[in-house]
Amino acid sequence: MRSQIVCHGCRSLLLYPRGAPSVCCAVCHAVTTVPPPGMEMARLICGGCQTLLMYTRNATTVRCSCCDTVNLVRPGTDVCVGLSCRSLSF
């Protein structure tokens, strides 16, 4: 059975065999570390730049590494709201 992960380098969607510790992207050759087995992952589209993002299922916010938008995750849905990180104080 195969799993999916977003490439750390070029953000392409990668398929890999379950149990693999990492996967090398055929497009940009970046090596992406695979989360440990049992960690539930979810996906969303960034509200700022439309990039596919992967995050741990219990996260409440996800910061996009491409545009720095902070995406708010709404529990129980795949809908997110994009906010500029400059408008938030941490």
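The values are calculated or read from the model by the stated rules, or taken from the named source; none is laboratory data. Fair warning: this is a prediction, and the values are worked out from it, not measured in the lab. FYI the Cβ positions are ideal-geometry reconstructions off the backbone, even for glycines, and counts take in every protein chain you see. Note: areas computed on protein heavy atoms with side chains; ligands, DNA, RNA excluded. Shrake-Rupley method; radii C 1.70, N 1.55, O 1.52, S 1.80 Å.
Backbone geometry of segment 32-49 corresponds, through the Karplus equation with coefficients 6.51, -1.76 and 1.60 at θ = phi - 60°, to 3J(HN,Hα) couplings of 10, 6, 8, x, x, x, x, 7, 7, 10, 9, 10, 8, 9, 4, x, x, 10 Hz, x marking Gly and Pro. Taking a ≥ b ≥ c as the square roots of the eigenvalues of the Cα gyration tensor of segment 1-69, is the shape rounded (a/c under 1.5), prolate (a/b larger than b/c) or oblate? It comes out oblate by the Cα gyration axes.
Remark: spin-label model distance SER3-ALA42 equals 1.8 nm, labels positioned 7 Å along the Cα→Cβ axis. The residues of segment 8-52 expose, per residue, 64 Å² of accessible area to a 1.4 Å probe. Karplus-derived 3J(HN,Hα) values for segment 13-28, using 6.51 cos²θ - 1.76 cosθ + 1.60 with θ = phi - 60°, are 7, 10, 9, 8, x, 4, x, 5, x, 7, 9, 9, 6, 6, 7, 10 Hz; glycine and proline are entered as x. Extending 7 Å from Cα along the Cβ direction at TYR16 and again at VAL31 yields two label points whose distance is 1.1 nm.
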